[in-house]
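Single-structure report; data block below.
The values are calculated or read from the model by the stated rules, or taken from the named source; none is laboratory data. Predicted model, so just to flag it, every value in this text is computed and none were measured. FYI the Cβ positions are ideal-geometry reconstructions off the backbone, even for glycines, and counts take in every protein chain you see. Just the protein is used for accessible areas: all its heavy atoms, side chains included, with ligands, DNA and RNA removed. Shrake-Rupley method; radii C 1.70, N 1.55, O 1.52, S 1.80 Å.
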Amino acid sequence: MFTKERYFLVSLFTCLCISAQAKVNPPAPYGPTPSARQLAWHETGYYAFICLSTATYRDVEWGYGDASPDEFQPIKFNPRQWAEVVKAAGMKGVVITAKHHDGFCLWPSKLTDYSVAHSSWRDGKGDIVGELAREAKRAGLKFGVYLSPWDRHDMRYGSQAYIDYFRGQLKELLTWYGPIFEVWQDGANGGDGYYNGLCEKRIVDGKTYYDWSNTNALIRELQPMACIFGDGGPDTRWCGNEVGIAGEPNWATLNKDNYAPGVADVNGLQYGEVGGAQWVPAEVDVSIRPGWFYHESEDDKVKTLEQLMDIFYTSIGRGANLILNAPPTKEGLIHPKDSARLVEFGQALKREFSNPLKKSMVRHITATNVRGNSKKFGAQHTIDGKRTTYWATDDNVRKASVTIELKNPQRLFRIRLREPIQLGQRIEKFSIEAMTTEGEWQKIESGTTIGPQRILRLPDITATSVRVNVESSATCPLLSEIQLYLPY
């Protein structure tokens, strides 16, 4: 039986332990961290590109800028079909080429006579951008706009007057159509064009001509939650290719002052820059067809489900966002082959992650090191389903492991890892091991960076335990999620 004195001592010891745990400080942020708009962009993850312009009717990739507005005739234009296909593909947003390099505007801009308002299509009353924005909102999709900095039609291109025009176009797009989640700035800058009949070459300095700091300040003022995509950001960067592959490693950090649209070190864009001064994560842009605009000759070249799934794992699976292009036909519809493949892809993605390992299937989860031995930073937070909690180690630790012991042997299928990126990106190298039913640890996967997320296809192996090893980290490692998926 406890005496009063012993009860007092036990109570005091318990209070001291609780107090000690409460005093364990969280890890300090490491390096640059994402802004609120970037965190929202990371959560968007996967969205559509819709490329439509006069190039569609000329059967080319880059319109020269000399097509008559009357050539633009999407007589069966159906933005609801677009939105429904995008939604069925599992995407969370859509970005429209409001103006490509040909200079033709898909909205009734008041600043030019080279737009849908001057086409005989719908008697000049059509508005591709506006109607798609409304359908995206109805479907619960985020909406974004692409506005080409290069304009092969406008004779002012290369002068300050064109920059004023370009910013005026941005103002229209960013004030007429509701919330914008992304503004896309292409890297194509200058070259030959129609230029209102002059038919000549215009060369500009991509670093200085556009005065990007003031243009981007305008975007910030009009749409503060819109991420600006460009070769080097400022918010999101090009991945350095158009085939659907983010780098390995893929750092979300970059020294963005060294980049401008069209003026970039592709190697740096592909992999990011470890220790970079700014948070500028990668976006992977790729088309479901070889080209960005619709060409009838490519109807038999739509990417297969297997190709799309590979792209998923080399883009989203490596911590990048994925923007997948679905170009409408001349009639203004997503082609049946494209739409069927996109729906098939969306269904396949649902199946892929339909059978997560449940918390109730875990016997124990342990770590080789826990920050201050505090439950606040214990390994259990990697399987609690909460993105804001995380496992953390002591400051002096650079290598550590988390082991998940299963109640019953399970066949493995996929795994998703996440760092709590609100505290920066840290992990440089990791591996995954499985304890086989024979009682032996077997290395089944490995990789470099994790960052926003890492999704891996695991070998078909039955395991009694799974171990995630952080083999190298720039500072104390953190993990917010270890999610195993079982075969469906």
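Three principal axis extents describe the C-alpha atoms of segment 153-255; from largest down they are 46, 31, 23 Å. Each residue, residue 358 and residue 306, gets one label point 7 Å from its Cα in the Cβ direction; the gap between the two is 3.5 nm.
Once the Cβ-Cβ distance between residue 299 and residue 374 is put in as r, and R0 is 41 Å, what FRET efficiency do you end up with, to the nearest 0.05? Efficiency, from the Cβ-Cβ distance: 0.10. Modelled spin-label separation between residue 60 and residue 277, with each label point placed 7 Å from Cα along the Cα-to-Cβ direction: 4.1 nm. Reducing segment 321-396 and segment 187-218 to their Cα centroids gives an inter-centroid distance of 40 Å. Extending 7 Å from the Cα toward the beta-carbon at both residue 222 and residue 120 defines two label points whose distance is 3.2 nm.
A Förster radius of 45 Å, combined with the Cβ-Cβ distance separating residue 24 from residue 207, puts the computed FRET efficiency at roughly 0.45. In this structure the chain gives 42 Å² per residue of accessible area when probed at 1.4 Å with all protein chains present. Listed by chain and number, the lysines whose C-alpha is less than 19 Å from the C-alpha of residue 137, apart from same-chain residues fewer than 8 away, are 87, 92. Listed by number, the DSSP H helices of the chain that run 20 Å or longer by alpha-carbon position along their axis and have mean Kyte hydropathy of at least 0.5 are 4-22.
When the listed pairs 350/407; 376/429; 142/443; 99/201; 110/142; 125/350 are checked against a 30 Å cut-off, the alpha-carbon distance exceeds it for 142/443; 125/350. In the chain, helices alone account for a calculated mean residue ellipticity at 222 nm of -7500 deg cm²/dmol, with every DSSP H run of four or more residues adding -39,500 (n - 2.57). For segment 262-368, the list of trypsin sites (Lys or Arg not before Pro) that fall in a loop by DSSP and count at most 15 other C-beta atoms within 10 angstrom reads 301, 358.
Of the GluC sites (Glu not before Pro) found in segment 417-447, those that fall in a DSSP loop while having at most 12 other beta-carbon atoms within 10 Å are 438, 440. Here the gap between residue 81 and residue 159, fully extended at 0.36 nm per residue and compared with their Cα-Cα distance, gives a gain of 24.1 nm. Within straight-line reach of residue 359, meaning a Cα separation under 14 Å, sit the following aspartates and glutamates at least 8 residues removed in sequence or on another chain: 384, 405, 481.
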